[in-house]
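Contents: one structure, followed by commentary.
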Amino acid sequence: MNFSVKPVLTGQKCVLRPFTEADADVMREIIHDPEVLRFTGEPPGELTPERLRSWYGTRAGQPDRLDLAVTDRGTGELLGEVVLYEWDPAARGCTFRTMIGPRGRGRGVGTEVTRLIVGYGFEELGLHRVQLEAYRHNHRALRVYQKVGFLVEGVRRETGTRDGEWVDEVLMAILDREWAAHRGHCEKVSSTGR
């Protein structure tokens, strides 16, 4: 299995599509948004316009990860990104992350794009496990992930600082059988995963 195919996934609010070099300027704004920085940290190194154009311009050619642009279905406006990466063939699993900029927040975009990409991973790619890490203070993201069916597997304590305070990372995952039972539309999530 590889991520060579870069699909277009359409939901009610959003379309996930392959990145192009032209997306770099808007992604630079999103990456430097204060709320994004609060929940993801400072980017490694200086993200020059040239470096970002190179990065986003090459995402469609990467067979080891799936980076998709999150766009507004009605306007086509770029709202953020979703990524499946760190493919582990033995576990048939990978890591998931998303980054939604200010124009995509508070509209249910995060929930929809999480369902779209995770559903694609299980239903089209045959994944067994999708995992993620999120800072404990990112309450909005944690609610989205739980709503879609991710279960907390553990906490890495005090892994870094934000605003002078130590922060924890929450480790979460969802398995193929859990996804098959509710397809990302679960009301209550048990703490045991059963």
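The values are calculated or read from the model by the stated rules, or taken from the named source; none is laboratory data. Please read all numbers here as calculations on a predicted model, not as lab measurements. No Cβ is skipped: glycine too gets one built from the backbone with ideal geometry, and neighbour counts run over all protein chains shown. SASA here: full protein model, heavy atoms, side chains in, ligands and nucleic acids out. Shrake-Rupley method; radii C 1.70, N 1.55, O 1.52, S 1.80 Å.
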(message) With n ≥ 4 as the cut-off for DSSP H runs, can you work out [θ] at 222 nm for the chain, using -39500 (n - 2.57) per run divided by the number of residues, rounded to the nearest 500?
(response) -8500 deg cm²/dmol
(request) Determine the per residue accessible area of region 100-194 with all protein chains present and a 1.4 angstrom probe, expressed in square angstrom. (result) 55 Å²
(request) Quick one: divide the alpha-carbon radius of gyration of the chain by 2.2 N^0.38 Å and tell me what you get. (result) 0.99
(request) Sort 124-135, 162-173, 39-50 for me by packing, meaning the mean count of neighbouring Cβ atoms within 10 Å per residue, highest on top. (result) 124-135, 162-173, 39-50
(request) Take the solvent-accessible surface of the protein heavy atoms, probe 1.4 Å, and return the percent of it on region 80-194 that carbon and sulfur atoms account for. (result) 46 percent
(message) Using the Cα centre of the chain as origin and beta-carbon charges of +1 (Lys, Arg) and -1 (Asp, Glu), tell me which of 148, 96, 125 is placed farthest towards the positive end of the dipole.
(response) 148
